[in-house]
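Report on one structure; see the data block that follows.
Readers should treat all values here as calculations from the given coordinates under stated rules, not as data from a laboratory. In this text, all values refer to a predicted model and were calculated from it rather than measured experimentally. We place every Cβ from the backbone using ideal geometry, glycine too, and count neighbours over all the protein chains shown.
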Amino acid sequence: MTTSSLAARSTAAVWHPCTPMKRHEATPPLAIDRASGPWLYDTEGRRYLDGISSWWVNLFGHGHPHIRAALNDQLERLDHIMLAGCTHAPVVELSERLAALTGLGHASYASDGASATEIALKMSAHYWRNRGQPGKHRFVGLAGGYHGETVGALSVTDVEIFRNAYAPLTRLSATVPSPDARQALPGETAADVALRAAAGLEAWLQQHHAETAALVVEPLIQCAAGMVMYDAAYLRQARLLCDRYQVHLVVDEIATGFGRTGSLFAHQQAGITPDFVCLSKGLTGGTMALSAVLTTDAVYAAFYGTDAARAFLHSHSYTGNPLACRAALATLELFEQLDTLQANQQLAQRISAALAPLNAHPRLRHARQLGMVWAWDVDTALPDFAQRYHTAALRHGLLLRPIGRTLYCMPPYVLDDEAVAHLGRAALAALEDCLLQEQELPAQEASA
Ligand SMILES: *Cc1c(COP(=O)(O)O)cnc(C)c1O
């Protein structure tokens with residue numbers, strides 16, 4: 001099947017996510033045939049480096065033999081069994097492993113990140129109800145926060161493009177200032193910005209804690225807002241304030257978890273323990289849809305009993321799917337076998353060196369990096385910069401999707417020297433291509 005005919009059939013039959021579909025008339029979807037390690041191969045045999053880990057999910061490259069073997073073995077043994085009234089080894093072992101890694105427990109499973117957010121919101125509000133405080137059922141999040149796009153998750157998501165059309169369907173949560181380190185005034189550190197933002201949170205909680213169930217945050221990087229990075233001091237302050245005002249702290253590690261920020265979980269860099277942790281994306285190494293929410297013994301205890309109305313009521317048909325749990329176990333095994341967190345420190349240095357020309361580029365601002373995430377804000381008036389850059393990068397054999405005018409790389413943890421060099425070269429070449437397009441624009445358009 002050729003790329004063009006598969007792409008045409010796809011736009012006729014498939015509603016592609018996050019896409020105004022008419023755009024595919026000018027730029028058809030990339031038809032991928034197979035993938036191996038960090039490389040994707042289209043139906044014409046051209047290869048592309050997966051510079052964003054297939055939307056931040058892939059950690060150890062595509063088709064990793066260890067995860068594949070675990071999935072094949074599991075498929076021979078048990079494909080699926082419902083988790084209501086039944087159990088199986090993969091879900092038990094995974095829950096034990098995740099509890100040991102987070103210091104929380106009582107894993108509750110779903111399939112997507114947004115569903116994990118739904119679980120955390122429902123569980124937090126239901127906890128307060130079971131504790132005799134049914135008035136605590138509202139939520140607060142950070143400006144620019146992203147926690148998924150189902151109706152409940154959208155209520156704590158503050159990215160206009162995802163939310164505006166559906167705002168009437170949700171009960172929008174309050175937002176407090178983001179600790180975005182780019183807001184530092186001359187002479188201020190990122191920690192100063194964090195403390196300023198935390199003062200905003202405190203002012204809000206003082207007024208609204210009696211009706212607030214939880215604060216929901218993405219730790220250290222607000223990824224969907226455009227790789228907005230902030231100082232860990234904010235999380236420490238948020239933990240203190242949540243304790244003081246009797247509000248849960250929900251930490252959404254869906255994008256930041258599993259080594260992405262340098263530690264296994266981002267919140268560990270602040271030395272705090274949240275009340276809820278949401279996991280997904282890298283959890284299965286990018287192979288199967290799985291999400292999990294872990295919580296404290298205190299939360300669990302508030303639901304413990306024989307009364308169905310007090311019990312936590314949330315289920316999906318595929319809750320705790322054995323294949324997905326086995327893929328997650330194999331992924332966690334790889335972290336140990338490959339000493340991934342340690343190895344990533346060296347890999348990140350090599351990638352930073354390859355991307356150094358971008359840091360020095362006169363049109364890129366706010367160069368920032370944490371763990372295995374690199375980002376820059378592009379100084380350009382080019383309309384549709386993200387789409388143009390994406391297309392240009394593909395021509396150079398690289399899959400990247402800027403967010404607005406923020407260019408970022410979030411590669412899998414398995415780049416060899418050739419792939420690292422390719423990333424640096426292609427990311428810069430695509431930028432230069434876009435800047436050339438600026439000159440072709442009519443003057444009024446470029447200044448729009
Ligand atoms: C991607 C993401 C989600 C949503 O996960 P889906 O699997 O896409 O529903 C939630 N929170 C954060 C921080 C994310 O990056």
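Excluding same-chain neighbours fewer than eight residues apart, the aspartates and glutamates reachable from K136 by a Cα-Cα span under 15 Å are E211, D243.
For the chain, modelled as a GNM whose springs connect Cα atoms under 10 angstrom apart, the maximal fluctuation among L334, L313, L370 occurs at L313. Only helices enter this figure: runs of n ≥ 4 DSSP H residues, each worth -39500 (n - 2.57), summed and divided by the residues of the chain, yield -12500 deg cm²/dmol at 222 nm to the nearest 500.
Within the shell of other residues whose beta carbon sits under 11 angstrom from the beta carbon of A194, the net charge comes to -2, with Lys and Arg scored +1 and Asp and Glu -1. Remark on the chain: Rg and Dmax equal 22.2, 71 Å (Cα only). Taking other C-beta atoms within 10 angstrom as a stand-in for reagent exposure, K281, K136, K22 fall in the order K22, K136, K281, fewest first.
Sequentially through region 413-430, phi angles give Karplus couplings (6.51, -1.76, 1.60; θ = phi - 60°) of 8, 10, 7, 7, 4, 5, 5, 4, 5, 4, 4, x, 5, 6, 5, 6, 4, 5 Hz, Gly and Pro residues having no value and appearing as x.
In plain terms, the chain from E44 to T306 could stretch by 88.4 nm, reckoned as 0.36 nm per residue minus the Cα-Cα distance. With axes computed from alpha carbons, what is the tilt in degrees of helix 89-102 against the longest principal axis of the chain, rounded to the nearest 10 within 0 to 90? In the chain, helix 89-102 runs at an angle near 90 degrees to the longest axis.
By DSSP, the beta bridges lying fully in the chain are antiparallel in about 65 percent of cases.
Taking the Cα centre of region 215-282 as reference, the dipole from Cβ charges on Lys and Arg (+1) and Asp and Glu (-1) amounts to some 80 debye. Computed over region 39-124, relative contact order equals 11 percent, with contacts defined as Cα pairs under 8 Å that lie 6+ residues apart.
Compute the FRET efficiency between L195 and S5 as 1/(1 + (r/R0)^6), taking r as their Cβ-Cβ distance and R0 = 56 Å, and round to the nearest 0.05. In this case the efficiency is close to 0.45.
Shape class for region 325-444, computed from the alpha carbon gyration tensor (a ≥ b ≥ c): prolate, with a/c not under 1.5 and a/b above b/c. Summing Lys, Arg as +1 and Asp, Glu as -1, what charge do residues with Cβ under 12 Å from the Cβ of Q346 carry, Q346 excluded? My count for the surroundings of Q346 gives -1.
For K22, the aspartates and glutamates whose Cα falls under 17 Å of its own Cα, not counting residues fewer than eight places away in the same chain, are D384.
Descending by average beta-carbon neighbour count within 10 Å, the peptides 75-86, 382-393, 318-329 line up as 318-329, 382-393, 75-86, the highest first.
With each label modelled as a point 7 angstrom along the Cα→C-beta vector, the L169-Q437 pair spans 3.1 nm. Among the chymotrypsin sites (Phe, Trp or Tyr not before Pro) in region 1-68, those located in a DSSP loop and surrounded by at most 15 other Cβ atoms within 10 Å of their own Cβ are W15.
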